[in-house]
Amino acid sequence: MRNPSRTAYAAAVAAAAGRRAGYVLAAGAPADRRLRELLGDRPERSLLAEIGGFRVYHPPEPLRPWR
């Protein structure tokens, strides 16, 4: 018998395969500051959550804050 939660996970991974990833960065870290700089006037529109000292972003276009 198949595990329903594993099947749901596999379906979610398959559905996300065509989409770009987001960014999870430590709040206030150099990469976080650089990403916010690259986002300019739109960092709040890209911020999905702030959890346990980390920020989760999903901007409309891919960025490379570590460059």
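Mind checking which residues of segment 31-53 are among the charged types (D, E, K, R) and in a helix (DSSP H, G or I)? Steps first, please.
Filtering segment 31-53 down to residues among the charged types (D, E, K, R) leaves 32-34, 36-37, 41-42, 44-45, 50.
Residues satisfying the conditions are ASP32, ARG33, ARG34, ARG36, GLU37, GLU44, ARG45.
Residues satisfying the criterion are present in segment 20-30 (criterion: modelled with pLDDT under 70 and either assigned to a helix (DSSP H, G or I) or exposed (fewer than 12 other Cβ atoms within 10 Å of the Cβ) (or both)).
Does segment 33-40 contain at least one residue that is modelled with pLDDT of 75 or more and in contact with a Ser or Thr (Cβ under 8 Å, 6 or more places away or on another chain)?
In the first step, residues of segment 33-40 are kept if they are modelled with pLDDT of 75 or more; the result is 33-40.
The next check asks that each one be in contact with a Ser or Thr (Cβ under 8 Å, 6 or more places away or on another chain); those that pass are 39.
Yes: one or more hits.
I'd like to know if segment 55-66 contains one or more residues that are modelled with pLDDT under 70, assigned to a loop (DSSP other than H, G, I, E, B) and surrounded by 11 or more Cβ atoms within 10 Å (Cβ to Cβ). For segment 55-66, residues modelled with pLDDT under 70, assigned to a loop (DSSP other than H, G, I, E, B) and surrounded by 11 or more Cβ atoms within 10 Å (Cβ to Cβ): present.
The values are calculated or read from the model by the stated rules, or taken from the named source; none is laboratory data. What you see is a predicted model; the values in this text were computed from it and never measured. Every residue, glycine as well, gets a Cβ built from its backbone with ideal geometry; the counts of neighbours run over all protein chains shown.
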